[in-house]
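One structure is given below, encoded as structure tokens.
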Amino acid sequence: MKKYAVIVAGGSGLRMGTQIPKQFLPLQDKPVLWYTLQAFLEAFNDLYIILVLPEAHLMTGQEILRSTIDPDRVWMTVGGETRFHSVRNGLQHIHQHSIVFVHDGVRCLLTPELIRRCYASAIERGNAIPSIGAVDTIRMSTIDGSVPVDRNKIRIIQTPQTFYSDILKAAFEQEFDERFTDEASVVEKLGVKINLIEGENTNIKITQPIDILIAEKILEERNF
């Protein structure tokens, strides 16, 4: 089965408080995005990556991918106004029946093992969405204040969200809806059942300065 990963890396870095977009920030001695690319390239030797970047940063992306283990398996395209439109732009480059992973470029600590598990589950069930359980107490805001929520029923959603290409491409032919917060919500609107699998606690999203410190610690422990 053909395999493609659409890696969306269009963030501006506003929450990081930096002028450099977070996907290009240094993590140990390499950019955040480098680790993401490496994980996918290591997961399967026949997987191809479509890297979606802001137009102003295509040159930076080119420099990063040249340092990966197989830059010839990475293509680049320009992002859109929203995540939905960026993913749609990436999907336009996929013309074969395949499994497609859609991943946040700043979730740089995912492992090749998670990617392989997503693939195996998507092959069997049509899609695979990694998730982890909530560990904090959860409350939901209401008109009257707030109410507790059973955290055992809460799942925190991650990427790579993985689908058969036919399903995913058909879903992204829909008109944009502000309720589309991830690929699963887009596909689900077609009436497709979403299948959750166990994610990884270390599969964090780099959004704030403290996340860089956490990521550095995780990488240090992995290198021991």
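No value in this document is a laboratory result; all are computed from the given coordinates. Owing to the predicted nature of the structure, the values given are computational and were not obtained by experimental measurement. Neighbour counts run over all protein chains shown; Cβ positions are idealised from the backbone, glycine included.
Contour minus end-to-end for TRP75 and MET59, with contour as 0.36 nm per residue of separation and end-to-end as the Cα-Cα distance?
Full extension of this stretch gives 4.5 nm more.
What is the order of PHE101, PHE176, PHE84, fewest Cβ neighbours within 10 Å to most?
Ascending Cβ contact count within 10 Å gives the list PHE176, PHE84, PHE101.
Could you give the dipole magnitude of the chain about its Cα centre, charging the beta-carbon of Lys and Arg +1 and that of Asp and Glu -1, in debye to the nearest 20?
My answer is approximately 220 debye.
Where does the range 91-198 land on Rg(C-alpha)/(2.2 N^0.38 Å)?
My calculation over the Cα atoms of the range 91-198 gives 1.20.
With only Lys, Arg, Asp and Glu charged, each at its Cβ (+1 for the first two, -1 for the last two), find how big the charge dipole of the range 96-199 is about the Cα centre; round to the nearest 20 debye.
320 debye
Kindly put SER185, SER121 in sequence by how many other C-beta atoms sit within 10 Å of each C-beta, fewest to most.
Fewest to most other Cβ atoms nearby, the residues stand as SER185, SER121.
To the nearest 20 debye, what is the magnitude of the charge dipole of the range 19-122 about its Cα centre, counting +1 on the Cβ of each Lys and Arg and -1 on the Cβ of each Asp and Glu?
Taking the Cα centre of the range 19-122 as origin, the dipole is about 240 debye.
Could you work out how much longer the chain between GLU188 and LEU219 gets when fully extended? Use 0.36 nm per residue separation minus the Cα distance between them, nm to one decimal.
7.7 nm
Please go through the range 1-86 and write out the GluC sites (Glu not before Pro) that DSSP classes as loop and that have at most 14 other C-beta atoms within 10 Å.
GLU81
Using Cβ counts within 10 Å as a stand-in for footprinting exposure, how do LEU190, LEU41 rank, fewest first?
LEU190, LEU41
Starting from the Cα of MET140, step 7 Å along the direction of its Cβ; do the same at ILE20; then give the gap between the two resulting points in nm.
With each label point 7 Å from Cα toward Cβ, the separation is 4.2 nm.
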